[in-house]
Amino acid sequence: MSAINPLLKAITERLDAIIIRLHAGLDCPPADQLRLEGLMQAAVLVSITSEADLQKLFEERYQDLTGRCIKTQFGDAWADFFQFPSLPLFAKPAPVQPTTKV
């Protein structure tokens with residue numbers, strides 16, 4: 001049984017943490033997502049994995065952690081719109097209250 005690559009382990013842990021936070025309605029600093037995307041690029045550049053495998057990992061982790069299919073939310077071609085290493089991870093919009101009377 002081979003051990004998981006430390007870089008892939010870090011990518012999976014960070015991905016899970018971001019998905020869990022956002023799904024719970026919590027904020028996620030953009031820097032966390034940018035660091036994750038940087039690790040994903042590094043893993044591809046040093047031939048540890050491929051873009052397609054990382055996108056599949058994202059789809060699987062998103063489904064497992066949220067119970068929702070990313071393709072249902074963003075379409076089968078989500079990866080064409082969110083080109084690697086970008087991921088469709090968004091915080092829930094903050095409630096906006098008008099500050100002036102109409």
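Read-outs: derived from the displayed coordinates by stated rules, not from any lab. Here the structure is a predicted model, which is why all the values come from computation and not from measurement. Quick reminder, even Gly has a Cβ in these numbers, built from the backbone with ideal geometry, and neighbours come from all protein chains shown.
Suppose we filter ASP32, ASP53, ASP80 for residues that are free of Cβ contacts under 8 Å to residues at least 24 places away in the same chain, exposed (fewer than 10 other Cβ atoms within 10 Å of the Cβ) and part of a helix (DSSP H, G or I); which single one remains? Steps first, please.
Values: ASP32 fails: exposed (fewer than 10 other Cβ atoms within 10 Å of the Cβ); ASP53 fails: exposed (fewer than 10 other Cβ atoms within 10 Å of the Cβ).
Within the list ASP32, ASP53, ASP80, the selection yields ASP80.
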| remark: Here the residues within the range 36-85 that are under 13 Å from ARG14 (Cβ atoms) and within 11 Å of the chain's Cα centre (by Cα) are LEU36, GLU37, MET40, LEU54, LEU57, PHE58, ARG61, PRO85
| said: Which numbered condition in (1) closer than 15 Å to LEU7 by Cβ; (2) touching a residue at least 12 places away in the same chain (Cβ under 8 Å); (3) hydrophobic (A, V, I, L, M, F, W, C) is the only one that LEU45 fails? | reply: (2)
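Condition check ((1) farther than 16 Å from LEU89 by Cβ; (2) of a type in the set (Val, Ile, Thr); (3) assigned to a helix (DSSP H, G or I); (4) touching a residue at least 12 places away in the same chain (Cβ under 8 Å)) across all residues:
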position	(1), (2), (3), (4)
ALA10	yes, no, yes, yes
LEU15	no, no, yes, yes
GLN63	no, no, yes, no
GLN73	no, no, yes, yes
